[in-house]
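Engineer: I am attaching a structure below and will ask some questions about it afterwards.
The values are calculated or read from the model by the stated rules, or taken from the named source; none is laboratory data. Keep in mind it's a predicted model, so treat the numbers as computed, not measured. With ideal geometry, Cβ positions are generated from the backbone for all residues, glycine too; neighbour counts draw on all protein chains shown.
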Amino acid sequence: MTKIVIVGAGSVVFTRNLLGDILAYPELKECTIALHDIDGDRLKTAHAVACWTAKKLGARPHIESSLERAQLLPGADFVINTVQVGGYEATKVDFDIPARYGIQYTIADTVGVGGVMRGLRTIPVVVEIGAEMADLCPDAYFFNYANPMSILVWAVNRAVGVKTVGLCHSVYWTIHGLAKWLGMPMREVNYLSAGINHIAWILRLERHAEDLYPRLRALVEAGKVPPDDRVRAELFMRLGYYPTESSEHHAEYSPYFLTHPELVEQYNIPLREYIRRSEVNLGEFDETKRKLAAGEAFEIEPSSEYAAEIIHAIVTDEPAAVIGNVMNEGRLIRNLQAESCVEVPCLVNGLGVQPTIVGDLPTQCAAYAHPLIDLQALTVQAALNQDRMSIYHAMMLDPVIAGRLTLDQIWHLSDELIQAQQQWLPNWLRA
């Protein structure tokens, strides 16, 4: 019987969506679902949501939950990680302290100050999960949904080596948006994407035998750009390939937007957007508890997440194609760093997840990613080697602060962030 462990199940809306996808497959309706969280109230709510979802879908899974992760891992086939260490409180610090230096962010979860600090908070947790898996379920797959995606997948692979794949919906929603923009069904669009998580590119965009890039370029030149996609459209026109993550993310991946305050309005960049989303998520948890108590129904619709599709393909040996974040090992994307985590198409069947070789990225796209990969490398190095100096070196590569702050200011900013987040950081940083 297939056993699926969800770590961080207290993110109840995401857990409900995952279970809605998993339990919709006939072959998985009687699987074991094991839920873990460190918050007892959230775990209790997640368990109730899982039971409700199973009943709604006519599934009969065995559902168990525990505050002790090690109780759930033995016999697991798949472990899904959704943890966000420090949650809303820690994320708010990632925004508030840089703001005192005149630095504003939009999402702050991938690179830069937010990516580094999230990495330092979360790497010890995911490495611990990986070590427990190596001991208790060594053949299981570890599917990571948490950010900073590339940093976490990289750290687990270097420290432990369990089968790890990072999963993200950014490519799916990019193609969904482009198809809508171009006025055609998404199912008719063929594409190839590659790069690193949140900083990947649509290398090929076609409908049947037609290259869709000329159409897309004509829409941009005519000014018919969706209001929330102006940053990506600008990068597309400059670099020749469309980015696979949203404009609010990309605004902070380069020095060309947030470092120029006059461009924030011009490009419709939503500052502190992730704080707003986090507050919405807190409200969704309260609303979920209220609905459960009142016996009200939830909507269950197929999501864009890959976990269920991968699990089903491995269990049934029915092939699937997904986008995965895996280690490059110097071969999947040749002109990105050999030791890096890359996002590439993957084929899935009963043999598991097999990444495909892309070859070279366009030189300008690879160059855009190189310093951000170096920032990720320094964050992994800092966490695994307990090397505080690497934290400063990683912060120096943040494109938003590099051109705005002096080296002294970057050092002081880093120290303030570390001091303010002591409760969520590993012991070696609590000094």
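Engineer: Let me confirm something: among V225, V160, V220, which residue is outside the structural domain of Q376 (by TED's automatic domain parsing), surrounded by 18 or more Cβ atoms within 10 Å (Cβ to Cβ) and free of Cβ contacts under 8 Å to residues at least 60 places away in the same chain? Break it down stepwise before answering.
Structural biologist: Numbers: V225 fails: outside the structural domain of Q376 (by TED's automatic domain parsing); V220 fails: outside the structural domain of Q376 (by TED's automatic domain parsing).
None of the other options fit; the residue is V160.
Engineer: Let me ask something additional. Report, by residue number, each residue of region 316-332 that is in contact with a helix residue (DSSP H, G or I) (Cβ under 6 Å, 6 or more places away or on another chain) and more than 27 Å from D360 (Cβ to Cβ).
Structural biologist: Hit for region 316-332 is T316, nothing else.
Residue by residue, here is whether (1) touching a His at 6+ places or on another chain (Cβ under 7 Å); (2) surrounded by fewer than 22 Cβ atoms within 10 Å (Cβ to Cβ); (3) outside the structural domain of L136 (by TED's automatic domain parsing) holds:
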{"position": "V13", "(1), (2), (3)": "no, yes, no"}
{"position": "P26", "(1), (2), (3)": "no, yes, no"}
{"position": "D37", "(1), (2), (3)": "no, no, no"}
{"position": "G40", "(1), (2), (3)": "no, yes, no"}
{"position": "L43", "(1), (2), (3)": "no, yes, no"}
{"position": "A48", "(1), (2), (3)": "no, yes, no"}
{"position": "G58", "(1), (2), (3)": "no, yes, no"}
{"position": "S66", "(1), (2), (3)": "yes, yes, no"}
{"position": "D94", "(1), (2), (3)": "no, no, yes"}
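Engineer: Report the residue count in region 359-409 for those that are in a helix (DSSP H, G or I) and either under 25 Å from E245 (Cβ atoms) or not assigned by TED's automatic domain parsing to the domain that holds A99 (or both).
Structural biologist: 30
Engineer: Can you confirm whether region 171-194 contains a residue that is in a strand (DSSP E or B) and under 30 Å from R121 (Cβ atoms)?
Structural biologist: Start the filter on region 171-194 by keeping residues that are in a strand (DSSP E or B), which leaves 189-194.
Now restrict to residues that are under 30 Å from R121 (Cβ atoms): 193-194.
The answer is yes; a qualifying residue exists.
Engineer: Looking only at residues that are modelled with pLDDT under 95 and among the hydroxyl-bearing types (S, T, Y) in region 289-332, which one is surrounded by the fewest Cβ atoms within 10 Å (Cβ to Cβ)?
Structural biologist: Only one residue fits best here, namely S304.
Engineer: Right, something else. I want to confirm something. Restricting to region 346-358 and keeping residues that are part of a strand (DSSP E or B) and in contact (Cβ under 8 Å) with a residue 60 or more places away in the chain, which single residue is surrounded by the fewest Cβ atoms within 10 Å (Cβ to Cβ)? Walk me through how you get there before you give the answer.
Structural biologist: Going through region 346-358, the residues part of a strand (DSSP E or B) turn out to be 346-349, 352-355.
Okay, now just the ones that are also in contact (Cβ under 8 Å) with a residue 60 or more places away in the chain, so 346, 352-353.
Values: C346: 22, G352: 15, V353: 21.
So the residue we want is G352.
Engineer: Enumerate the pairs (first residue in region 326-341 and of a type in the set (F, W, Y); second residue anywhere and surrounded by 15 or more Cβ atoms within 10 Å (Cβ to Cβ)) with beta-carbon separation below 9 Å, excluding pairs fewer than 6 apart on the same chain, so at least 6 apart or on different chains.
Structural biologist: Short answer, once both residue conditions are applied: none.
Engineer: Here's a check for you: in region 360-381, which residue that is closer than 27 Å to W428 by Cα and of a type outside the set (V, I, T) is surrounded by the most Cβ atoms within 10 Å (Cβ to Cβ)? Steps first, answer last, please.
Structural biologist: First, the residues of region 360-381 that are closer than 27 Å to W428 by Cα: 371-381.
Those left that are additionally of a type outside the set (V, I, T): 371-372, 374-378, 381.
Numbers: P371: 16, L372: 23, D374: 15, L375: 26, Q376: 31, A377: 21, L378: 23, Q381: 18.
Once the filter is applied, the top-ranked residue is Q376.
Engineer: Given the structure, is D21 buried (at least 21 other Cβ atoms within 10 Å of the Cβ) and acidic (D, E)? Break it down into steps so the answer makes sense when it comes.
Structural biologist: Working: buried (at least 21 other Cβ atoms within 10 Å of the Cβ): yes; acidic (D, E): yes.
In short, yes.
Engineer: On to the next question. Is it true that E279 is at pLDDT 95 or above, surrounded by fewer than 17 Cβ atoms within 10 Å (Cβ to Cβ), more than 27 Å from L219 (Cα to Cα) and not assigned by TED's automatic domain parsing to the domain that holds L361?
Structural biologist: Yes: the conditions hold for E279.
Engineer: In the list T164, T244, which residue meets the criterion of being more than 30 Å from Q104 (Cα to Cα) and not charged (D, E, K, R)?
Structural biologist: Details: T244 fails: more than 30 Å from Q104 (Cα to Cα).
One residue alone meets the criteria, T164.
Engineer: Counting only residues that are buried (at least 22 other Cβ atoms within 10 Å of the Cβ) and not acidic (D, E), how many does region 333-345 have?
Structural biologist: Step one: list which residues in region 333-345 are buried (at least 22 other Cβ atoms within 10 Å of the Cβ), which gives 333, 336, 340-343.
Checking which are not acidic (D, E) leaves us with 333, 336, 340-342.
Total meeting the criteria: 5.
Engineer: Being farther than 15 Å from M395 by Cα and either in contact (Cβ under 8 Å) with a residue 60 or more places away in the chain or aromatic (F, W, Y) (or both) is the filter here, so list the residues in region 411-422 that pass it.
Structural biologist: Start the filter on region 411-422 by keeping residues that are farther than 15 Å from M395 by Cα, which leaves 419-422.
Listed by number, the residues that qualify are A420, Q421.
Engineer: To continue, here is another question. Among what's in region 181-207 and is more than 17 Å from L239 (Cβ to Cβ) and in contact with a helix residue (DSSP H, G or I) (Cβ under 8 Å, 6 or more places away or on another chain), pick the residue that is surrounded by the most Cβ atoms within 10 Å (Cβ to Cβ). It would help to see each step written out before you state the result.
Structural biologist: Quick first cut of region 181-207, residues more than 17 Å from L239 (Cβ to Cβ) only: 181-190, 197, 206-207.
The next check asks that each one be in contact with a helix residue (DSSP H, G or I) (Cβ under 8 Å, 6 or more places away or on another chain); those that pass are 181-182, 185-186, 188-189, 197, 207.
Details: W181: 17, L182: 16, P185: 9, M186: 14, E188: 11, V189: 18, N197: 28, R207: 16.
Once the filter is applied, the top-ranked residue is N197.
Engineer: Any residue in region 382-391 that is under 22 Å from H250 (Cβ atoms), under 21 Å from the mean Cα position of the chain (by Cα) and surrounded by 21 or more Cβ atoms within 10 Å (Cβ to Cβ)? Break it down stepwise before answering.
Structural biologist: Let us first name the residues in region 382-391 that are under 22 Å from H250 (Cβ atoms), namely none.
No: region 382-391 contains no residue that is under 22 Å from H250 (Cβ atoms), under 21 Å from the mean Cα position of the chain (by Cα) and surrounded by 21 or more Cβ atoms within 10 Å (Cβ to Cβ).
Engineer: Quickly run through region 380-407 and pick out the residues that are touching a Gly at 6+ places or on another chain (Cβ under 7 Å) and more than 21 Å from R100 (Cα to Cα).
Structural biologist: Residue satisfying the conditions is A383 alone.
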